[in-house]
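Enquirer: Take a look at the following structure, please.
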Amino acid sequence: MPDYAIAPSILSADFARLGEEVDRVLEAGADIVHFDVMDNHYVPNLTIGPMVCAALRKYGVTAPIDVHLMVRPVDRLIGDFLEAGASYITFHPEASDHVDRSLQLIKSGGARAGLVFNPASSLDALKYVMDKVDMILLMSVNPGFGGQKFIPATLDKVREARALIDASGRDIRLEVDGGINTQNIREIAQAGADTFVAGSAIFNAPDYRAVIDQMRAELAQ
Ligand code: DX5
Ligand code: ZN
C-alpha cells in the first residue's frame, strides 16, 4: 500500500456495470475499492452486501476491498464479508453492542479491522482498543449518501486521530470519507490523513484517471 492511498467509493459507480467500473477505476490508478454497505436502519439508505463483494472477487478484482459497514447490528455481516473476500472491514462503534468482540471477529477472520467515527462522534471508543485497530475512518459527512459537502470540523479530528496513531506506534491507516475532491484533498492530507475516499468526485467525472492524477499531484505538493 502506498503512503497515500486513493479509495474510490463505488457507491457513485454505475451499479449496472459494476465490474467494469471497478476495472476502470483501478486502471485509472486507484489503490483501494471502498465498498459502502447501508442497511436502511443504521443509515437511511440501502446499498449492496456480501454477495456483491463476492461477485467482484469472482469477476477478478484482486485489489484491496475496504468494506465500510453502515449497519446495525454488525457481527453477522462481518462473517459474511470475511467469506466474501473483504480486505478491510470497518464499522461504527455505536452500531455494535460489543466493539472489542466485533474487532476480534474481523481480525480472527484474516481481515484488517477498523472503527468509523461520524462527524459529531468523539474518538473515545478508541481508547481501549488501539491495539486491535488497523484503520481509523473519519466521516467528513453524515453517513448515508454520496455527493455531500465536506464538513470542515473534521480537520481537527484528523489531527487528533493522527496524534493518537503516532503515540500508539502502530501501523494504522487514517482514512477520511465524504466530500473529498481535488480542491480539499491536500489540506486533509496536511492534517494527517493517508487514505482518501472519493465517490462523486471520481465517478461523476468523465475521465477517472484525470481526477486521480490531479489528486496525486495535490498530495505530492
Ligand atoms: C457516505 C459514504 C461515502 C460516500 C462518499 O455514507 O460512506 O463513502 O459514498 O461519497 P462522496 O465522495 O461523493 O462524498
Ligand atoms: Zn464510506
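Enquirer: Which of the numbered conditions does residue 197 fail, given that it passes all the others? Conditions: (1) out of contact with any Asp or Glu (no Cβ under 7 Å at 6 or more places or on another chain); (2) within 10 Å of ligand 1 (Cβ to nearest atom).
Expert: (1)
Enquirer: Against the condition without any contact (Cβ under 8 Å) to a residue 60 or more places away in the chain, within 15 Å of ligand 1 (Cβ to nearest atom) and not small (Gly, Ala, Ser), how does residue 188 come out, does it pass? Quick ask: steps written out before the conclusion?
Expert: On the way: without any contact (Cβ under 8 Å) to a residue 60 or more places away in the chain: yes; within 15 Å of ligand 1 (Cβ to nearest atom): yes; not small (Gly, Ala, Ser): yes.
For residue 188, the condition - without any contact (Cβ under 8 Å) to a residue 60 or more places away in the chain, within 15 Å of ligand 1 (Cβ to nearest atom) and not small (Gly, Ala, Ser) - is met.
Enquirer: Among the residues of region 147-160, which ones are over 15 Å from residue 186 (Cβ atoms), among the aliphatic types (A, V, I, L, M) and away from ligand 2 (no atom under 16 Å from the Cβ)?
Expert: Listed by number, the list holds a single entry, 153.
Enquirer: So which of 205, 210 ends up being within 16 Å of ligand 1 (Cβ to nearest atom), free of Cβ contacts under 8 Å to residues at least 12 places away in the same chain and farther than 23 Å from residue 135 by Cα? If you could, list the steps in order and put the result at the bottom.
Expert: Details: 210 fails: within 16 Å of ligand 1 (Cβ to nearest atom).
That would be 205, the only listed residue that is within 16 Å of ligand 1 (Cβ to nearest atom), free of Cβ contacts under 8 Å to residues at least 12 places away in the same chain and farther than 23 Å from residue 135 by Cα.
Enquirer: Residues to consider are 80, 97, 66, 75; find the one that is out of contact with any Gly (no Cβ under 7 Å at 6 or more places or on another chain), within 16 Å of ligand 2 (Cβ to nearest atom) and modelled with pLDDT of 95 or more.
Expert: Numbers: 80 fails: within 16 Å of ligand 2 (Cβ to nearest atom); 97 fails: within 16 Å of ligand 2 (Cβ to nearest atom); 75 fails: within 16 Å of ligand 2 (Cβ to nearest atom).
Among 80, 97, 66, 75, only 66 is out of contact with any Gly (no Cβ under 7 Å at 6 or more places or on another chain), within 16 Å of ligand 2 (Cβ to nearest atom) and modelled with pLDDT of 95 or more.
Enquirer: Oh, and also: Has region 4-22 got any residue that is of a type outside the set (Val, Ile, Thr), outside any helix (DSSP H, G or I), crowded, with 19+ Cβ neighbours inside 10 Å and over 16 Å from the mean Cα position of the chain (by Cα)?
Expert: Scanning region 4-22 turns up no residue that is of a type outside the set (Val, Ile, Thr), outside any helix (DSSP H, G or I), crowded, with 19+ Cβ neighbours inside 10 Å and over 16 Å from the mean Cα position of the chain (by Cα).
Enquirer: When the residues of region 116-144 are narrowed to those that are among the β-branched types (Val, Ile, Thr) and part of a loop (DSSP other than H, G, I, E, B), which ends up nearest to residue 173 (Cα to Cα)? If you could, list the steps in order and put the result at the bottom.
Expert: Here is the first cut: in region 116-144, the ones among the β-branched types (Val, Ile, Thr) are 116, 129, 133, 136, 141.
Then drop every residue that is not part of a loop (DSSP other than H, G, I, E, B), which leaves 129, 133, 141.
Values: 129: 15, 133: 9, 141: 19 Å.
The selected residue is 133.
The values are calculated or read from the model by the stated rules, or taken from the named source; none is laboratory data. Predicted, not measured: the structure shown is a model, and the values here were computed from it. All Cβ positions, glycine included, derive from the backbone under ideal geometry; neighbour counts span all protein chains shown.
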